[in-house]
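The structure that follows is given in the form of C-alpha cells.
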Amino acid sequence: MNNIFETFKPINPLISEYVDYYYYLDIKPYNIKTEFECFPHYNTTISLYKSNVSSKKGEVIFENKAKPLQIFTPIRENILQVKQLGKVHRIVIVFKPLGIQQFYKNLNFNEFIRDHNFFSNLELSKLFSNIDTDIITKLLDEYLVEKHKEYQNIILEKSISLIFSNFGSLPIQEIATEIKISRRHLNRLFNIHFGVSVKKFNEIVLFRKTLEKKLLENTEQSFTDLAYEFNYCDQSHLNKAFQNFTSNSPKSFLKKGTLLGSEDTFWHLKK
C-alpha cells in the first residue's frame, strides 16, 4: 500500500453544520519518522490512530499491539510540532468552533485531551478496517449523529458570526457592544471554551482566512492586495501577523509549506 492523504466531506447535513467541511485519512505504511509543523487555527480536531501510543515528549509512536490512540487538539495560537514514529494509520475529524461541544459534554476543550474515549472500540475497529473514504464518511457521520446532543451558547455563536463576517478585524469592544455584554465577560467566555482571548481568536481567524484565500482561491494575488482585502493596515501589518504566527515572512512561509488534500491542511514537512 502506498501513502494516502485524502480529505473528504461529511454527507449528513447535521454533521456538516459542525464539522469544518472535512475529515481526512492519513496512512503511511512504511513510515520511519515524519515530522511536521501545524500552524495556528480556529478549528479543533480529534485524531484517531490505529495502533499508537503517545510519549511524554508528545511523539506518536507505532506499537503493533497498541490500542487505538485518541487525541483532541484545541484551538491553536502557537505552532504545533508533530512527530510520528513508525507506521501511521489515522482518521481525523476537523471541527468548527463550538463544533465538538455538540457531541461531547463535560470535557475541557481548551486543552489537549489524550485520555478520553471519543469512540468505542467497536466503532474504531470498523473505521480502521476500511480505507474507502465513502465508507469511512458514512461511518463517521453515523457515529456522530448518535452522539449529537445540541449545545447552545448564544453569546459565543453571535460573537463567532460577527468575527467571521468581518474577516476577524472587528474590534473587541464593538463585538461586546453589539451583543450587549461586557468586554471582560466576553473574554472570559472565550478563554473558558476556546482557551484564547477574543483578540487572539480574531487574529487567528484573520490569519487563516488570508492564508485560505492565497492557497485555495487566488494563488497569484499579491500580498499587498491581500492586506487591503482583509483589512490589515498595510502589507507590513500582514507581514508582522505571519511572522508572529509562523516565524516566517508570508513568502517564506508559503514556499516552505505543503498543501495536503483539497482543503486547508498546510504543513511544513521536515526532512
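The values are calculated or read from the model by the stated rules, or taken from the named source; none is laboratory data. Fair warning: this is a prediction, and the values are worked out from it, not measured in the lab. Here Cβ is always computed from backbone atoms with ideal geometry, including for glycine, and neighbour counts include all displayed protein chains. SASA here: full protein model, heavy atoms, side chains in, ligands and nucleic acids out. Shrake-Rupley method; radii C 1.70, N 1.55, O 1.52, S 1.80 Å.
Do we find a residue being open to solvent by 50 Å² or more (accessible area, probe 1.4 Å), small (Gly, Ala, Ser), closer than 30 Å to Lys83 by Cβ and in contact with a Ser or Thr (Cβ under 6 Å, 6 or more places away or on another chain) anywhere in region 259-271?
Checked against the condition, which is being open to solvent by 50 Å² or more (accessible area, probe 1.4 Å), small (Gly, Ala, Ser), closer than 30 Å to Lys83 by Cβ and in contact with a Ser or Thr (Cβ under 6 Å, 6 or more places away or on another chain), region 259-271 yields at least one hit.
Would you confirm whether or not region 132-144 contains a residue that is farther than 23 Å from Ile46 by Cβ, within 21 Å of the chain's Cα centre (by Cα) and of a type in the set (Phe, Trp, Tyr)?
Checked against the condition, which is being farther than 23 Å from Ile46 by Cβ, within 21 Å of the chain's Cα centre (by Cα) and of a type in the set (Phe, Trp, Tyr), region 132-144 yields no hits at all.
Right, here's the next one. Scan region 231-258 residue by residue and report those that are in contact with a Phe, Trp or Tyr (Cβ under 7 Å, 6 or more places away or on another chain), more than 21 Å from Leu80 (Cβ to Cβ) and not in a helix (DSSP H, G or I).
Within region 231-258, just Asn231 meets the criteria.
Look at Asn110 and say whether it is without any contact (Cβ under 8 Å) to a residue 40 or more places away in the chain, of a type outside the set (A, V, I, L, M, F, W, C), closer than 28 Å to Leu206 by Cβ and open to solvent by 40 Å² or more (accessible area, probe 1.4 Å).
no
In region 151-162, how many residues are within 21 Å of the chain's Cα centre (by Cα) and either open to solvent by less than 50 Å² (accessible area, probe 1.4 Å) or of a type outside the set (S, T, N, Q) (or both)?
8
Report yes if Thr246 is among the β-branched types (Val, Ile, Thr), at pLDDT 90 or above and open to solvent by 30 Å² or more (accessible area, probe 1.4 Å), otherwise no.
no
Looking at region 124-150 only, could you name the residues that are surrounded by fewer than 18 Cβ atoms within 10 Å (Cβ to Cβ) and either closer than 16 Å to Ile100 by Cα or modelled with pLDDT under 95 (or both)?
Across region 124-150, the qualifying residues are Asn130, Glu142, Val145, Glu146, Lys147, His148, Lys149, Glu150.
Enumerate the helices (runs of 4 or more DSSP H) found wholly within region 129-228, keeping only those where 2 or more residues are of a type in the set (Asp, Glu) and touching a Leu at 6+ places or on another chain (Cβ under 9 Å).
In region 129-228, 172-179 are the helices (runs of 4 or more DSSP H) which contain 2 or more residues that are of a type in the set (Asp, Glu) and touching a Leu at 6+ places or on another chain (Cβ under 9 Å).
Condition test on Ser51, is it open to solvent by 10 Å² or more (accessible area, probe 1.4 Å) and in contact (Cβ under 8 Å) with a residue 12 or more places away in the chain?
yes
Restricting attention to region 1-28, report how many residues are in contact with a His (Cβ under 8 Å, 6 or more places away or on another chain) and either modelled with pLDDT under 95 or surrounded by fewer than 18 Cβ atoms within 10 Å (Cβ to Cβ) (or both).
Of the residues in region 1-28, 1 are in contact with a His (Cβ under 8 Å, 6 or more places away or on another chain) and either modelled with pLDDT under 95 or surrounded by fewer than 18 Cβ atoms within 10 Å (Cβ to Cβ) (or both).
Checking Asp115 against (1) farther than 14 Å from Ser47 by Cα; (2) modelled with pLDDT under 95, which test does it fail?
The single condition Asp115 does not satisfy is (1).
I need the full set of residues from region 163-185 which are farther than 18 Å from Leu98 by Cβ, open to solvent by 50 Å² or more (accessible area, probe 1.4 Å) and among the hydrophobic types (A, V, I, L, M, F, W, C), in order please.
Phe167 - this is the single residue of region 163-185 that is farther than 18 Å from Leu98 by Cβ, open to solvent by 50 Å² or more (accessible area, probe 1.4 Å) and among the hydrophobic types (A, V, I, L, M, F, W, C).
Additional query: Considering region 70-85 alone, what residues qualify as being more than 28 Å from Ile160 (Cβ to Cβ) and open to solvent by 20 Å² or more (accessible area, probe 1.4 Å)?
Within region 70-85, Lys83, Leu85 meet the criteria.
I want to confirm something. Restricting to region 186-228 and keeping residues that are closer than 30 Å to Tyr104 by Cα and among the β-branched types (Val, Ile, Thr), which single residue is surrounded by the most Cβ atoms within 10 Å (Cβ to Cβ)?
Taking the candidates together, the pick is Ile204.
Right, another one. Condition check: under 20 Å from Gly195 (Cα atoms) and either small (Gly, Ala, Ser) or out of contact with any Lys or Arg (no Cβ under 7 Å at 6 or more places or on another chain) (or both). Does Ile61 satisfy that?
Judged against the criteria, Ile61 is not a match.
Would you mind finding the one in Asn218, Asn191, Asn187 that is polar (S, T, N, Q) and within 30 Å of Ile4 (Cβ to Cβ)?
Asn218
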